[in-house]
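The values are calculated or read from the model by the stated rules, or taken from the named source; none is laboratory data. Since the model is a prediction, treat every value here as computed from it, not as a measurement. With ideal geometry, Cβ positions are generated from the backbone for all residues, glycine too; neighbour counts draw on all protein chains shown.
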Amino acid sequence: MQKPHAVVIKLDSTTGLQTSRILARYGIPVIGIADDPNHFCCRTNSCKKVLAANTTNEELINTLIKLGKESAGKSVLFPCSDDSVLAVSVHRETLKDWYGFVIADHEIIDLLMDKVKLYRYLERGGFSIPPTYFVRNKSDLEETANKVPYPCIIKPPRPTQTWSKYFEKKVLKMRNPDELYAVFDNCLRAADILIIQKWIDRTDSDIYQYYYYFDKNYKPIINYTSRKLRQWPIMMGEASLVENCPKDPVPRESIDIYSGIRYRGIISLEIKMDEKNARHFIIEPDVGRPNTSIGQVEASGVPILYTMYCDALGMPLPHYTAPKHTGVKWISFGRDLLASRAYYNRGELTFKEWLNSIRGVNTFAVLSIRDPIPSIMDAYNFFKVILRFVGRKLSCVFKRT
């Protein structure tokens, strides 16, 4: 008997690709939905079919309704981006007749995704976060610019397409008040309220990710911890090299932001350690969805996505939730090459250190022998970028001569 389908939303991402492959390995038939069906991640053989739809708006919901009406039974939704989590959450009443999904109440999703609400909640709870300020206008900025420690970062409550029009990065790092004033007008055009925080000056390897799965009784039945070794963009990006962490760097009780809000489903929480001052800081969670390095969790023998699948269908949950394997190291090669090059240019990484850092890598974001086309296309796209870069450099050399 065929298992109910899983529908992976935002397949055109490394998170979507890994999620699709993981579910397929459990014998679950997968359907992907992508903004760009020509994306290299959509060339995976782990999906029965791939549908094209904007995964941030009503087009996604209309596609899901049409798919649900055509399906014989309930399928399970796996949103793989913040926008798709929000879309499913907002339209949960419409979708529940055709789909199973595990998402906390919308008020909780909104609280944890909106960084203004999140940081205010964390401040009230006495949790350790960097010094944080909320700015709505020039008057607020003048007050904040004189007291925020530098360097600092400025970011919107949520990444939006409007923000992306003005800035390539989701978070901007400012070294002094002049830099802060220089970007402020465009920041206000992209968001009604802005968050300014002290920059915690630690390395990428001081960042840890705590993973959880909360059952219907709001109990954390899965706990898993990993450590970033590098990320791209460096200092403020997504993981590119990760290893599992057998021991939590800080007790989970000290970062328990969930017990008071009745959370349910999958979530990961990022913290940054400041071992010099014996402190830790909560950065932010990934809510209601797997994150970029979800393949590393599953490769450790933790069935976090299959638990979500079973929970959504009311099936018995897996009884094995502790890591079966240690020494698991995950890499996203393309991003890690970019990150490594950046650190090399800063004089903070040698070729020998890079070789040592990737020793023991045994699970991958894109590379797969069973599913080779995405990795071939990814490598092809990466080398095209390298060739363009080399071409520009050579062109500059010839012009000078």
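Restricting ILE196, ILE221 to residues that are crowded, with 21+ Cβ neighbours inside 10 Å and not polar (S, T, N, Q) narrows the list to ILE196. On inspection, ILE257 passes the criterion of being in contact (Cβ under 8 Å) with a residue 60 or more places away in the chain and more than 17 Å from ALA342 (Cβ to Cβ). Just so you know, in segment 116-135 the residues that are among the hydroxyl-bearing types (Ser, Thr, Tyr) and not in a helix (DSSP H, G or I) include one that is farthest from LYS198 (Cα to Cα), and it is SER128. Listed by position, the helices (runs of 4 or more DSSP H) enclosed by segment 249-356 that each have at least 1 residues that are over 21 Å from ARG25 (Cβ atoms) and at pLDDT below 95 are 333-345. Of the residues TYR150, TYR218, TYR181, TYR213, the single one that is under 20 Å from the mean Cα position of the chain (by Cα) and either free of Cβ contacts under 8 Å to residues at least 60 places away in the same chain or not in a loop (DSSP other than H, G, I, E, B) (or both) is TYR213. Taking each residue of segment 234-248 that is without any contact (Cβ under 8 Å) to a residue 60 or more places away in the chain and part of a loop (DSSP other than H, G, I, E, B) and looking for partners that are crowded, with 18+ Cβ neighbours inside 10 Å and of a type in the set (D, E, K, R) with beta-carbon atoms closer than 8 Å, six or more apart or interchain, yields CYS245/ARG227.
Matching residues to (1) over 26 Å from ILE154 (Cα atoms); (2) touching an Asp or Glu at 6+ places or on another chain (Cβ under 7 Å); (3) assigned by TED's automatic domain parsing to the domain that holds ILE153:
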| position | (1), (2), (3) |
| --- | --- |
| ARG21 | yes, yes, no |
| LYS49 | yes, no, no |
| ILE61 | yes, no, no |
| LEU86 | no, no, no |
